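Below is one structure, written out as structure tokens, with a few remarks after it.
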Amino acid sequence: MKDKKITIKDGQSGNEIDLPVLDSILGPNVVDISSLEKDLGYLSHDPGFIATSSCESKITYIDGNEGELWYRGYPIEELAEKSNFTETAYLLLNDKLPKIEELSNFSKDLSNSYTIDSSIKKIINVFNKDSHPMAIMTACLSFLSAKYHADIDIQNQSYRYKSTINLIAGVPVISAWILNYILDENFQTPNKKISIAENFVAMSFPNLTNEQKVLSSKAMDIIFLLHADHEQNASTSTVRLSGSSETSPYAAIAAGISTLWGPTHGGANEAVINMLEEIKNSDKDVEYYIDKAKDKENSFRLMGFGHRIYKNYDPRAKIIHKIAHEYLDMLDSKNPNKPLFDIAMKLEKYALEDEYFVSRKLYPNVDFYSGIVLKAIGIPQSMYTVIFALARTVGWVAHWNEMIQDKNFRIGRPRQLYTGKTKTSYKDIEER
Ligand code: CMC
């Protein structure tokens, strides 16, 4: 078969060049524009990376129009039903589901790394209790990057494996310690005999009954699994760009955490609860807030709605909606989260019937219902994005590993459309 190409012609000079088209397994093929400047003297321009593929990846596939999400080819619905966070982490890292012995070794490696440097507790203690946990989290990751600085050897497979395990096992322990701190509890000791989700719940809420621990760990494990990866989003792209400079993986993950924090990315789960609480405590009805979100003069947006890629229902939102139903049903009916859940469902119903949301294809995203489940588990609001970050650490390290082994691995360096001054002579201060 003939090589696919796209021919572009410069309307001014009449010059024409062929750009190779690279086949994707699924989704749009991509045009390789790397010779554009050399052959035609132009750069491509795509603010917000609307139509730009930044790398080749085999990890996660999203079909935003169909509302599909697959990890290594496996639909998220099947993984949420049949797998668990640890097995899914193995899958994301290794491109295959583990055999019994492989899963057992991987789980052992992880639990042996629950024990992390206890100096991290000193770092956490430095912060005010009301500091945002995401800021504390980045500081803890900076500590780890200092601790492992002398060992950096990213081309070495065993260094990468050790860092990967340290991060996937250590970040949840750090997260539980941050939670202990802001809840004024003693720092808890991790338990090597249990899974990451069970250990996180046990460390975070040591006073729960066994039955409550089982229930909350199950919900938490699915939340971790659903957040484990989401292809080239802002934080993952940050980890890739940061890691491309061959910096420490701990430092690259700290950069990813900072990016995830923002309200239009991982911080949206916190913003959703703020919005639902505001609606609950207001004398205005849900329609008022729908109108406010549509009003272009008003900066208010329906948080947990809309997505750059999904132009359909986010499949993760469907799964979390179901968990929220089941989990809240299992808790007693007077649970204070029930009214928030009811408001969320009402907002969803109105929005999905409203021309503004329908025409723009704005559907609930993963954050719309996740905060409700986390709130019911007892997680303080400021910790929601930390939970997202601890789960996404798996995806971040999977992408970091993939990038380093890519045949095209080199430092990332975007270009720009310069619209500033032309060459200007410096004037002494008295002459300006
Ligand atoms: N409420 C009201 N209008 C909205 C919303 C919303 N939540 N989201 C998008 N729109 C409108 C927007 O005003 C624009 O309208 P128009 O075409 O008339 O100018 C149109 O829909 C397209 O929006 P956009 O801002 O160009 O879309 P984007 O792809 O740049 O932004 C988004 C995607 C997720 C940042 C945005 O939908 C948003 O701010 N949503 C609320 C925050 C949120 O829930 N974020 C979590 C994202 S999922 C978790 C994650 O991946 O981290």
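The values are calculated or read from the model by the stated rules, or taken from the named source; none is laboratory data. Here the structure is a predicted model, which is why all the values come from computation and not from measurement. Here Cβ is always computed from backbone atoms with ideal geometry, including for glycine, and neighbour counts include all displayed protein chains. Please note that ligands, DNA and RNA were not included when accessible areas were found on the heavy atoms of the full protein model with its side chains. Shrake-Rupley method; radii C 1.70, N 1.55, O 1.52, S 1.80 Å.
Once the C-beta distance of residue 153 and residue 349 is scaled by a Förster radius of 51 Å, the resulting FRET efficiency is 0.40 to the nearest 0.05. Packing-based ranking of 378-391, 404-417, 34-47 yields 378-391, 34-47, 404-417, ordered from highest to lowest mean Cβ neighbour count within 10 Å. Residues in the stretch 73-150 average 52 Å² of solvent-accessible surface per residue, probe 1.4 Å, ligands and nucleic acids excluded.
On the beta carbon distance between residue 326 and residue 42, with R0 = 60 Å, the FRET formula returns roughly 0.65. Can you compute the FRET efficiency between residue 130 and residue 97 using 1/(1 + (r/R0)^6), with r the Cβ-Cβ distance and R0 = 41 Å? Round to the nearest 0.05. Computed FRET efficiency for residue 130 and residue 97: 0.45.
Working from Cα pairs under 8 Å separated by at least six residues, relative contact order for the stretch 5-53 is 25 percent. Between the stretch 154-177 and the stretch 20-36, what is the C-alpha centre distance in whole Å? If you average the Cα positions of each part, the centres end up 33 Å apart. Computed with a 1.4 Å probe over protein heavy atoms only, the accessible area of residue 238 comes to about 40 Å².
What net charge is computed for the residues neighbouring residue 380, neighbours being all others with C-beta under 14 Å from the C-beta of residue 380, Lys and Arg scored +1, Asp and Glu -1? Local net charge: -3. Across the chain, Cα pairs under 8 Å and at least six residues apart give a relative contact order of 19 percent. Rounded to the nearest 10 degrees, the inclination of helix 338-353 to the longest alpha-carbon principal axis of the chain is 30 degrees. Structure note, pairs 294/318; 294/361; 122/147; 218/375; 121/147: Cα-Cα distances above 18 angstrom occur for 294/318. Exposure check, 1.4 Å probe, all protein chains in place: residue 149 carries approximately 120 Å² of accessible surface. The residues of the stretch 209-280 expose, per residue, 34 Å² of accessible area to a 1.4 Å probe. Measure nothing fancy, just the Cα-based angle from helix 249-260's long axis to the longest principal axis of the chain, in degrees from 0 to 90, nearest 10. Helix 249-260 and the main axis of the chain meet at about 80 degrees. A straight Cα-to-Cα reach below 13 Å connects residue 346 with the aspartates and glutamates 285, 287, 354, residues fewer than 8 places away in its own chain not being considered. Remark: the stretch 5-53 carries 75 Å² of accessible area per residue (probe radius 1.4 Å; ligands, DNA and RNA excluded). Of the residues 359, 131, 217, the one that moves most in a GNM of the chain with alpha-carbon contacts below 10 Å is 359. According to the Kirkwood relation over distinct C-alpha pairs, the hydrodynamic radius of the chain is 23.6 Å.
Where the accessible area of the chain is counted over protein heavy atoms with a 1.4 Å probe, how much of it, in %, is carbon and sulfur? Carbon and sulfur: 50 percent of the exposed surface of the chain.
For residue 193 and residue 247, compute 0.36 nm times the residue count separating them, minus their Cα-Cα distance, and round to one decimal in nm.
The span from residue 193 to residue 247 would gain 16.1 nm if fully extended.
Note on the chain: with a GNM built from Cα contacts shorter than 10 Å, the maximum mean-square fluctuation among 185, 355, 231 falls on 355.
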